[in-house]
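Asks: Mind having a look at this structure? Questions to follow.
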Amino acid sequence: MTQSSFDVVIIGAGHGGVELAAALRQHQYSGSIALISDQPDLPYQRPPLSKDYIKRAANTPALVLKPENFYADNAIDLRLGVKAEAVDRESCSVALSDGTSITYGHLVFATGARNRKPPVPGLVHPNVLELRTLADANRIVQALPNTTHIAVVGGGFIGLEAASLLRGMGIGVDVIEMAPRLMQRAVSEPMSEWFLAHHRGEGSTVHLSTSVAAVDQGNGGADVQLSSGGTVKADAVLLAAGVQPNTDIAEACGLEVANGILVDEHLVTSDPAISAIGDCAAYPSVHLGGMARLEAVQNAVDHARCVAGRLTGQTKPYAALPWFWSIQGAARLQIAGLSRPGLNGIIRRGADESRFSVFLYDGEELVAVESVNSPADHMAARKLIGSGIELTPQQAGDPAFDLKALISARG
Ligand SMILES: Cc1cc2nc3c(=O)[nH]c(=O)nc-3n(C[C@H](O)[C@H](O)[C@H](O)COP(=O)(O)OP(=O)(O)OC[C@H]3O[C@@H](n4cnc5c(N)ncnc54)[C@H](O)[C@@H]3O)c2cc1C
């Protein structure tokens with residue numbers, strides 16, 4: 001008979017959910033665990049979808065987060081293709097789309113985020129491609145043989161990764177971005193400028209401060225009308241206009257939600273029997289000095305480890321340093337810490353123009369570092385910010401100043 005009562009129920013089997021189940025077992029947790037996934041596939045990694053996967057689809061190494069036998073071997077009841085539809089907090093139960101329901105001792109939302117779909121005529125259309133799931137990536141692979149030109153809506157990480165990938169495959173690309181600069185929410189102005197030149201250098205046409213007014217899907221193609229009055233003639237549209245957190249069920253059961261399920265420094269929601277982790281959770285960040293909701297693998301994984309620690313008696317407030325990476329053609333961007341408007345950016349130049357970092361200061365305090373093709377700077381930045389070792393702006397901007405030696409001396 002199918003088990004219907006669990007000590008821990010995790011909704012969502014992405015980076016956060018799978019890591020939580022695995023970390024609980026690593027912490028010798030002996031209670032029962034259910035992992036509910038609305039996706040039909042064995043849980044998989046998302047980052048390769050906008051990087052290698054599309055190019056190498058015919059010969060792709062497995063994307064799975066864990067081998068198939070991992071779940072049974074670790075007594076994790078993984079339920080694929082089953083959606084959690086509602087939570088009843090009084091009876092501590094979750095109603096599932098297969099008509100059953102399960103009860104929990106502790107519930108964790110790890111529901112991630114879904115693509116934002118601007119209400120533009122023609123943009124919400126079955127022919128508009130997206131890039132969030134494995135099925136989305138497979139649809140792109142299928143569409144490519146008939147695509148010579150694509151309009152990418154959104155100049156954030158995923159849109160730009162896809163733009164580089166598609167240009168590299170010989171496809172014409174127009175990137176349409178509403179904001180006045182690329183990746184505006186996440187990176188400093190010098191970084192946006194460098195990436196603008198990088199994408200134009202790759203051959204993409206980039207439209208800034210431009211939104212999509214309508215998409216005409218007639219004649220088998222996609223004519224994208226721009227707010228500037230121009231038209232991009234494309235065969236396909238890739239929608240990459242940001243995401244919204246999956247908070248509907250949490251909100252419906254009365255949890256506090258505001259751009260994410262609100263959690264405290266232990267990642268507990270407004271109900272002590274429920275936690276939230278990863279893309280769907282808004283948490284108080286010691287690094288930002290306010291509420292943060294991040295969309296990064298590191299964030300989901302470190303959240304998961306924090307909750308696994310708490311559920312096994314090692315309670316610590318969440319304080320992991322955020323870090324992130326993005327691969328856009330020949331440019332590998334790595335970010336340590338959290339950028340925000342008003343910071344002072346100090347450029348540290350590398351051996352050539354394709355390598356540099358921006359060290360971002362709030363007064364004398366180093367709060368974030370963005371690096372392009374400079375992994376040593378990135379690793380040093382994680383240690384410097386994480387441990388609070390002082391690096392003056394003058395030292396940061398001097399490429400001859402030895403960051404590694406500073407860390408060794410103070411570490
Ligand atoms: C194409 C792409 C490329 C990316 N590249 C990078 C990168 O280079 N670096 C980086 O740091 N981050 C990257 N990210 C972001 C990263 O993948 C996410 O931040 C990470 O997956 C978040 O983990 P999560 O567990 O919170 O959510 P997810 O991994 O999204 O998992 C949430 C899961 O919950 C499921 N779910 C939602 N609601 C329900 C429900 N009611 N019932 C059952 N299941 C449900 C969803 O279907 C999903 O499978 C990328 C994302 C995408 C889409």
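Asks: Listed residues T247, T210; which is open to solvent by less than 40 Å² (accessible area, probe 1.4 Å) and within 30 Å of R89 (Cβ to Cβ)?
Replies: Of T247, T210, the one residue that is open to solvent by less than 40 Å² (accessible area, probe 1.4 Å) and within 30 Å of R89 (Cβ to Cβ) is T247.
Asks: Another question, if that's okay. Starting from residues that are within 19 Å of F324 (Cα to Cα) and touching a Ser or Thr at 6+ places or on another chain (Cβ under 8 Å), keep the ones in region 166-188 and report whichever is nearest to the ligand (Cβ to nearest atom).
Replies: Here the answer is A186.
Asks: Of the residues that make up region 79-89, is at least one farther than 19 Å from A13 by Cβ, out of contact with any helix residue (DSSP H, G or I) (no Cβ under 7 Å at 6 or more places or on another chain) and modelled with pLDDT of 95 or more?
Replies: Yes: one or more hits.
Asks: Give the number of residues within region 86-128 that are closer than 23 Å to G260 by Cα and away from the ligand (no atom under 16 Å from the Cβ).
Replies: Of the residues in region 86-128, 6 are closer than 23 Å to G260 by Cα and away from the ligand (no atom under 16 Å from the Cβ).
Asks: Would you point out which residue out of D271, D264, D279, D235 is among the acidic types (D, E), open to solvent by 10 Å² or more (accessible area, probe 1.4 Å) and within 13 Å of the ligand (Cβ to nearest atom)?
Replies: Result of the check over D271, D264, D279, D235: D279.
Asks: Something else now. Please enumerate the residues belonging to region 22-39 that are farther than 16 Å from G112 by Cα, part of a loop (DSSP other than H, G, I, E, B) and not polar (S, T, N, Q).
Replies: Within region 22-39, H27, Y29, G31 meet the criteria.
Asks: With the structure loaded, tell me whether A241 is in a strand (DSSP E or B), in contact with a strand residue (DSSP E or B) (Cβ under 7 Å, 6 or more places away or on another chain) and farther than 30 Å from D7 by Cβ or whether it fails that test.
Replies: In short, no.
Asks: Right, another one. Out of the residues in region 129-142 meeting the condition of being over 30 Å from V87 (Cβ atoms) and open to solvent by 30 Å² or more (accessible area, probe 1.4 Å), tell me which one is farthest from the ligand (Cβ to nearest atom).
Replies: Q142
The values are calculated or read from the model by the stated rules, or taken from the named source; none is laboratory data. Model, not experiment: these values are computed from the prediction. Because the Cβ atoms are built from the backbone with ideal geometry, glycine has one as well, and the counts that use them run over all protein chains shown. Keep in mind that these areas ignore ligands, DNA and RNA; they rest on the heavy atoms of the full protein, side chains included. Shrake-Rupley method; radii C 1.70, N 1.55, O 1.52, S 1.80 Å.
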